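Here's the structure, in structure tokens; my notes come after.
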Amino acid sequence: MTSPAVFAATFLAAAVEITEMVIIVAGVGAVRGWRSALPGAGAGLAVVAALILALGTATSSTYSAAASTRRSSVSAASAFVT
């Protein structure tokens, strides 16, 4: 389970990146025209979606494995304390 602080920090970081992306696409659209800006933004979103689909489960399973290892080491250490 993810702590609320980690969730909030990740959400805010993603919100900053999305805002940056919108500003860049708006700038390119204003300078070069929307005909090149919108397909570029769509291609970028497709690449990000593919990366999330390919690597999203790998990162969550790695996090889960690390968390379970940490919990077992903490419980083993507490056995020596009592």
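The values are calculated or read from the model by the stated rules, or taken from the named source; none is laboratory data. Computed from a predicted model, the values in this text were never measured in an experiment. Here the Cβ positions follow ideal geometry from the backbone for every residue, glycine too, while neighbour counts run over all protein chains shown.
Taking each residue of the range 16-36 that is free of Cβ contacts under 8 Å to residues at least 12 places away in the same chain and looking for partners that are among the β-branched types (Val, Ile, Thr) and part of a helix (DSSP H, G or I) with beta-carbon atoms closer than 8 Å, six or more apart or interchain, yields 36/28.
Look at (1) of a type in the set (A, V, I, L, M); (2) surrounded by 11 or more Cβ atoms within 10 Å (Cβ to Cβ); (3) modelled with pLDDT under 90 and you find that residue 25 fails only one, number (3).
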